[in-house]
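Derivation of every value follows stated rules applied to the coordinates shown; laboratory data play no part. All figures in this text were calculated on a predicted structure; none of them were measured in a lab. Note: ideal-geometry Cβ built from the backbone for every residue, glycine included; neighbour counts use all protein chains shown.
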Amino acid sequence: MIADDAAAVFRKQFGAEPAGLWAAPGRVNLIGEHTDYNEGFVLPFALPQRTIAAVGPAPAGEWTVTSTFEAEPVSFGVTQPGEVSGWAAYVAGVVWALQDAGYEVPGAQIAIASEVPLGSGLSSSAALESSVLTALIDLGGLDVPLEKRPSIAQRAENVYVGAPTGILDQSASIRCEEGKALFLDCRSYEVEQIPFDLAAEGLAILVINSNAPHQHVDGEYGARRKSCEDAARLLGVPALRDITGDQLDDALARLDDEVMRRRVRHIVTEDDRVLATVKLLHAGQVREIGPLLTASHASMRDDFEITVAQVDIAVETALAVGAYGARMTGGGFGGCVLALVDADKAAEVTAAVEEAYAKQGFTPPTAWTVTAGPGAGRL
């Protein structure tokens, strides 16, 4: 088990037993892509795959982190953004963000193991941040309300690491509940737990990792965010969330730049699709969300321009062999596709996508079915 791996690495590195094990999941975003930093709506759920932090105490102001995926441990004291680099920056960033929020962070020895696929758009970074954050809060007895924790983890990623991500990933990793999707208003941070028991309907979410490279800390994600923020300023609204569907045509007519118009159209229609999906799930009409998922993908492909050939082919193939809906999930430019399928058809859909990839000469995909798991906590 992954928890045993984390504990074993801790014992090997630090010569003692950890004080405890803390877990946080990766996430799949069912629908609502790039809407989070536009203060809109998202609907993620937590993956069963988790990152584990085995943690023990250390002298005040001292932190050492090691992992199953890096040979050398990294030690640091009180740092400022940019002073720790590489994967350890996500851990140093959590320490910094907690301190910056006014908390006295305990020194700690930390060992990390993870089963969340790296670079796949399933938010391995938020799982790392959230497991460490939860551990340090518990270890230090810090009074950090649950609803405040995602913004601290997000600040670690935005300011310390330098990735301009929204609040979606950290909220999902920390606040999701088992068997539920998390309906999150990214302006108010209000959440609603939406029933999402696919097994009861004979359905499954098939996650298909395109195995195309996926990277946020490059210019493309930031360029999309800047375009949205510039458009909101030109339209005289705090964020694109404030443009409703029936105001969209008028808003687009007021923008001169065609690329900016496409970006705005994606965000406004995507927010509407999230709200429509929530309404259908409340009504128990799970299969009926399929066309909304597919429309979301078309919008990401044509208006937001964040898909690549591997994810487009996975979506097209899944639909062709019977998926109710399919879309890329995550920030884009690689990563994973999700498909809503009959549970007994998952293997058939997987085989069809593998065949389509082989014909194109792509790196073979990997696929698995997922259920909605719990958020971060102590094991």
GNM of the chain, Cα pairs under 10 angstrom: of 141, 32, 325, the biggest fluctuation goes to 141
antiparallel share of DSSP beta bridges within the range 26-161, to nearest 5, in %, is 75
Candidates 271, 246, 342; GNM for the chain (alpha-carbon contacts under 10 Å) flags as most fluctuating 246
Nearest 10, in degrees from 0 to 90: the angle of helix 88-100 to the longest Cα principal axis of the chain is 80
Over all Cα pairs of the range 2-195, the Kirkwood radius sets Rh, and Rg/Rh then becomes 0.95
Mean shadow area (nm²) of the C-alpha convex hull around the range 11-108 is 8.1
A correct Karplus calculation of ³J(HN,Hα) over the range 2-7, with 6.51 cos²θ - 1.76 cosθ + 1.60, θ = phi - 60°, whole Hz and x for Gly and Pro, returns 5, 5, 5, 4, 5, 5
Of the residues 379, 49, 353, the Cα lying farthest along the dipole of the chain towards its positive end, which is defined by charges on the beta carbon of Lys, Arg, Asp and Glu, belongs to 379
Length-normalised contact order of the chain, Cα under 8 Å, at least 6 apart, in percent, tallies to 23
With bins of 5 Å, the percent of all Cα-Cα pairs of the range 252-340 per bin from 0 is 3, 15, 22, 22, 19, 12, 6, 2, 0
With Rg from the Cα atoms and Rh as the Kirkwood inverse mean 1/r over Cα pairs, the range 86-174 has an Rg/Rh of 0.92
Taking N as the number of residues in the range 195-257, the ratio of its alpha carbon radius of gyration to 2.2 N^0.38 Å works out to 1.73
Note to self: C-alpha centroids of the range 58-123 and the range 212-276 sit apart, in Å, by 33
The lysines whose Cα lies under 24 Å from the Cα of residue 345, excluding any fewer than 8 residues away in the same chain, are 180, 359
Taking only the alpha-carbon positions of the range 199-370 as identical scatterers, the Debye log10 I(q)/I(0) at q = 0.12, 0.13, 0.14, 0.19 Å⁻¹ comes out as -0.60, -0.69, -0.78, -1.18
The chain -> Rg/Rh from Cα coords, Kirkwood Rh, value 0.97
